[in-house]
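Each reported figure results from applying straightforward, stated rules to the coordinates on display, with no laboratory input. Quantities reported herein were computed from a predicted structural model and do not represent experimental measurements. So basically every Cβ, Gly included, is an ideal-geometry build from the backbone, and we count neighbours across all protein chains shown.
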Amino acid sequence: MPIDTRELMEAIAIVADEHNVRVAVKQSGKGAAVCAACSFVGGMLLGPVGLAVGGAAGGVAAYKMTSGTFRPLGEVILNDLTDSQREQLVQHVSKAVADIHPTDVVMLLPLIVQNASIQQAVLNTVMSFVTNELRMQIVD
């Protein structure tokens, strides 16, 4: 019996949400650049004190700029992945839990949701996939 991709994606999203994993969606680089630029300008204008003032001002500006752009990993998994990315993620998770050998695929989904060690294996696999394949940054 093949694994239902949609159900597995929902189980993965539940695990990610329970562990409160969030990802930065294309904004971390912008925030870092703003913070660095403000710190540089402050240092050039006011010396060492300007570095501190510029860094603080840049941090506040970066916060305002990127506020709300960090999203829960479960939401990204359910809504933002293409079909090919979903298939890749299912393959990665299936390989991660392959040593469990469930006699029935129906047993796999409750195992993922209820077993802490399997949750950790799935979560590590998903976080690796998101970092390496999707090029997103894990926040939590």
Next on the checklist: How long are the semi-axes of the equivalent ellipsoid of the chain, taking √(5λ) for every eigenvalue λ of the Cα gyration tensor, in whole Å from largest down?
Outcome noted: 41, 13, 11
Checklist entry - Who wins for biggest fluctuation among M44, M127, M65 in a Gaussian network model of the chain, springs between alpha carbons below 10 Å? => result M44
Next on the checklist: For the chain, what does the helix formula give at 222 nm: sum of -39500 (n - 2.57) over DSSP H segments with n ≥ 4, over the residue count, nearest 500 deg cm²/dmol?
Outcome noted: -23000 deg cm²/dmol
Checklist entry - Amide H neighbours of R22 under 5 Å, counting only residues 5+ apart in sequence or on other chains, H built in-plane at 1.01 Å? => result L73, V139, D140
Checklist entry - What percentage of all Cα-Cα pairs in the stretch 27-68 are separated by more than 16 Å? => result 27 percent
Next on the checklist: Could you work out how much longer the chain between D83 and H19 gets when fully extended? Use 0.36 nm per residue separation minus the Cα distance between them, nm to one decimal.
Outcome noted: 20.6 nm
Next on the checklist: Please compute the length gained on full extension between S94 and S117, using 0.36 nm multiplied by the number of residues separating them and subtracting their Cα-Cα distance.
Outcome noted: 6.8 nm
Checklist outcome for this item: Assertion target for R135, R86, ordered by fewest C-beta neighbours within 10 angstrom first, is R135, R86
